[in-house]
Amino acid sequence: MNKKDEMLKKYARLAVKTGVNIQKGQYLVIMSPIECAPFTRMISEIAYDEGAKDVIIHWNDEISTKIKFLKAPEEIFEVMPQWQVDSYLYYAREGAAFLSIAASNPELMKDVNPARISKSQKTRQLALKEFNQRLMTNKNAWSIVSIPTVGWSTKVFPEVSESEAVEKLWDSIFNIVRVDKEDPVKAWDEHKNNLKKSMEFLNSNNLKALHYKNSIGTDLTIELPENHLWVGGAEYTAEGVEFIANMPTEEVFSMPKKTGVNGTVVSSKPLNYGGNLIDNFSFTFKQGRIVDFKAEKGLDTLKHLVETDEGSHYLGEVALVPYDSPISNSGIIFFNTLYDENASCHLAIGKAYSSCIKNGENMSEEELEEAGANNSLAHVDFMIGTPDLEITGIKQDGSKVPVFKNGNWAY
C-alpha cells in the first residue's frame, strides 16, 4: 500500500470511528457525490468491519442536477417524492448515523436561475423538517467531511493542472483534519480538549452580549439568551454516544437572542450557496431582524436565502474561531463552507441549535422560541472573521471582558 492509500484509509477510519463513531449493529447512511465513489466504498468497508448493520448510500450527481435545473418544468421543484423522505426518516428513526461528503463545484450552478435553486431547497427543507430537526437536536450521530473533486479543486487552485489541483487539495485536507499525524484519533482527542478550554472561558463568564468591530465595516452587538451554552468539538446523542459533527472543526458556538442583534456585519470570505457564490456582502440588523443587505456578487441568491421564511431574516448561530488556526494559516480560500467557516469567526442565518441552551433538547419549538432561540427551515453559515477583529464581552453587570483581540482569543 502506497503512502496516499494509507492516508486515505486513515481518513476513512477517522470519519467512521471519530466522526460518526459507528456502533455495533447500527445503520450508516452516507450522502456522497458519485465522483467520491472510491472513498465512499472505503468508508463502507471500514464501517462493516466496525460492526455496522448495513451501509446505505445516497448518491448524488451535481452535473445531472444542473441539467435538471436548466431543463425540467417548474413544478418538479415543488415536490420531493415521499419515498425519498421515507428513506431518510426510516433510518433516522432506526437510530442510524449519517455521514455527508461535501465536495461541490462552487460555481457549477452560476447559469441556473437562483429562484429555481431556492424553490428546490425550500421544498426539500420542508419535506425533511423532521429529519433535519433530529440531526440538529443530536437524536442521531452525524458528521460532514470533504474530499477533493476536479471541479472544486480547480476553483481553489486555478493556476495548476487538474491533477495537480486535486493533489494539492488532498495535501491540504490531510493536514487540516490531522490525518498526517501518526495517530489521527489521538490528535483529535487533544484538539477536543483545547476547544473545551475556550468553552469553559465563555461559559464561566456567562456573558450578556458580544460586541464585534473591525476595519471592513463590522460594528455589531449580539445579545445572548439567558441560560445559553457555548459548545464545540465533540457532541453527544441522547444515548451518550460521542461524535464530531464537522471534520474539521475549530469553532465554539452558541445561539444569539433572536431579537437581540443590532448593527452591521460584513462578510470576510465568499459563501458557496447552492452552487452559486455570494461575495462581499453585508447585513444590517435591527432588534434581531435583517433590515438591509448588500452583495457585490450573488445578490439575487442572497435575497432568496434571506427570504426562505420569516426565521431566515434572523440569526441562529454565533461561532468563534481564532484567525491563527490551521485552516486560516493555510492562506487558502476553499469556497466550501465546512472549511471556510472553520477558518473564521462566523454567524448563521436561520435555525438555532437547541443544544446551545440549557435543557434545550427537551424543549418544544414554542419553549425554545420563548427562551430566545430562532426557528427556520434554513441554517446557513457565513464568515466574518478578520485579522483585526475585536470582540468584547459584556457581562451581566455591564462590565466588559476582552474575548478576541487582533482576530484571536484574548484570554
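The values are calculated or read from the model by the stated rules, or taken from the named source; none is laboratory data. What you are looking at is a predicted structure, and each value in this text was computed from that prediction instead of being measured. Quick reminder, even Gly has a Cβ in these numbers, built from the backbone with ideal geometry, and neighbours come from all protein chains shown.
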Open item on the list: Taking the criterion of being among the small types (Gly, Ala, Ser), part of a strand (DSSP E or B) and over 16 Å from Thr65 (Cβ atoms), would at least one residue in segment 118-128 satisfy it?
Closed with: no
Open item on the list: Considering only segment 251-264, I want to know if a residue exists there that is crowded, with 19+ Cβ neighbours inside 10 Å, more than 17 Å from the chain's Cα centre (by Cα) and among the aliphatic types (A, V, I, L, M).
Closed with: yes
- [ ] Considering only residues that are within 22 Å of the chain's Cα centre (by Cα) and part of a strand (DSSP E or B), look in segment 362-390 and name the one that is farthest from Phe334 (Cα to Cα).
- [x] His379
Task: Matching residues, segment 267-321, being within 16 Å of Ala352 (Cβ to Cβ), surrounded by fewer than 19 Cβ atoms within 10 Å (Cβ to Cβ) and of a type in the set (Asp, Glu) - done: Asp309, Glu310
Task: Residues (without any contact (Cβ under 8 Å) to a residue 24 or more places away in the chain and among the polar types (S, T, N, Q)) located in segment 6-59 - done: Ser44
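Given the structure, is Leu347 outside any helix (DSSP H, G or I) and among the hydrophobic types (A, V, I, L, M, F, W, C)? It would help to see each step written out before you state the result.
On the way: outside any helix (DSSP H, G or I): yes; among the hydrophobic types (A, V, I, L, M, F, W, C): yes.
Yes, satisfied.
To keep it simple, each residue is scored yes or no on (1) touching a helix residue (DSSP H, G or I) at 6+ places or on another chain (Cβ under 8 Å); (2) within 28 Å of Pro402 (Cα to Cα).
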| position | (1), (2) |
| --- | --- |
| Val177 | yes, no |
| Pro184 | yes, no |
| Glu190 | no, yes |
| Asn205 | no, yes |
| Asn214 | no, yes |
| Ile222 | no, yes |
| Ala245 | no, no |
- [ ] Looking for whichever is without any contact (Cβ under 8 Å) to a residue 40 or more places away in the chain, under 30 Å from Ser153 (Cα atoms) and not in a helix (DSSP H, G or I) here; the options are Lys186, Lys181. Which one fits?
- [x] Lys181
Open item on the list: Just to verify a result, which residue in segment 155-177, among those that are without any contact (Cβ under 8 Å) to a residue 24 or more places away in the chain and under 22 Å from the mean Cα position of the chain (by Cα), is surrounded by the fewest Cβ atoms within 10 Å (Cβ to Cβ)?
Closed with: Asp171
Task: Test: residue in segment 73-89 that is at pLDDT below 95 and over 29 Å from Leu28 (Cβ atoms) - done: no
TODO: Check segment 306-320 and report whether any residue there is outside any strand (DSSP E or B) and at positive phi.
DONE: no
Task: segment 240-278: number of residues that are assigned to a loop (DSSP other than H, G, I, E, B), within 29 Å of Ala187 (Cβ to Cβ) and touching a residue at least 40 places away in the same chain (Cβ under 8 Å) - done: 9
Open item on the list: Can you report the number of residues in segment 138-178 which are among the aromatic types (Phe, Trp, Tyr), more than 21 Å from Leu28 (Cβ to Cβ) and not in a loop (DSSP other than H, G, I, E, B)?
Closed with: 3
Open item on the list: Here is a check on your reading of the model: is Lys192 over 30 Å from Phe281 (Cα atoms), surrounded by fewer than 18 Cβ atoms within 10 Å (Cβ to Cβ) and under 19 Å from the mean Cα position of the chain (by Cα)?
Closed with: yes
